[in-house]
Amino acid sequence: LELAALDEERVRIADGRRISALAGTPTEGALASGMAMRVDDVAEVAGVATLPSARRRGLGAALTATLARELLAAGTELVFLSAGSEEIARVYLRVGFRRIGTACIAEPAALIP
């Protein structure tokens with residue numbers, strides 16, 4: 001990354017437009033992470049990931065819920081996210097998100113004979 005991009009990221013973190021969360025243990029180290037990007041009163045939770053060896057412990061759900069709580073406490077009115085699979089969508093539903101639509105789904109072009 002260029003220095004200007006790093007500087008902009010520092011500003012986003014400092015002013016609350018970007019927040020990050022990390023889950024781990026003293027013995028295992030970092031096991032899961034996630035972040036959220038906020039613009040005015042709307043935010044997206046993104047990049048929630050858990051190491052394969054640490055899955056099925058609820059870490060992704062805990063990070064997602066933590067990020068959402070922090071955003072709402074900071075005055076964010078709408079928090080959204082996109083699930084890359086049905087398995088991930090179930091995690092988000094468990095922590096209180098509602099499915100309201102599907103985005104970024106492309107259909108192959110129809111060929112007309």
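The values are calculated or read from the model by the stated rules, or taken from the named source; none is laboratory data. Predicted model, so just to flag it, every value in this text is computed and none were measured. Cβ placement follows ideal geometry from the backbone for every residue including glycine, while neighbour counts extend to all protein chains displayed.
Couple of notes before you dig in:
- Any hit, segment 6-28, residues being free of Cβ contacts under 8 Å to residues at least 24 places away in the same chain, on the phi > 0 side of the Ramachandran plot and surrounded by fewer than 12 Cβ atoms within 10 Å (Cβ to Cβ): no
- Condition check for residue 73: free of Cβ contacts under 8 Å to residues at least 60 places away in the same chain, more than 15 Å from residue 37 (Cβ to Cβ) and within 11 Å of the chain's Cα centre (by Cα): no
- All of 53, 33 fail the test of being over 27 Å from residue 77 (Cβ atoms) and among the hydroxyl-bearing types (Ser, Thr, Tyr), apart from 53.
- Test for residue 49: is it of a type outside the set (D, E, K, R), under 9 Å from the mean Cα position of the chain (by Cα) and within 16 Å of residue 87 (Cβ to Cβ): yes
- The lone exception for residue 87 - which of (1) within 22 Å of residue 100 (Cα to Cα); (2) touching a helix residue (DSSP H, G or I) at 6+ places or on another chain (Cβ under 7 Å) it fails: (2)
- Residue in segment 71-83 that is out of contact with any helix residue (DSSP H, G or I) (no Cβ under 8 Å at 6 or more places or on another chain), modelled with pLDDT of 90 or more and crowded, with 18+ Cβ neighbours inside 10 Å present: yes
- Taking each residue of segment 37-52 that is more than 19 Å from residue 9 (Cβ to Cβ) and looking for partners that are surrounded by 13 or more Cβ atoms within 10 Å (Cβ to Cβ) with beta-carbon atoms closer than 6 Å, six or more apart or interchain, yields 41/76; 50/32; 50/59; 50/60; 51/31.
- Scanning segment 58-74 turns up one or more residues that are within 19 Å of residue 13 (Cα to Cα), part of a loop (DSSP other than H, G, I, E, B) and among the hydrophobic types (A, V, I, L, M, F, W, C).
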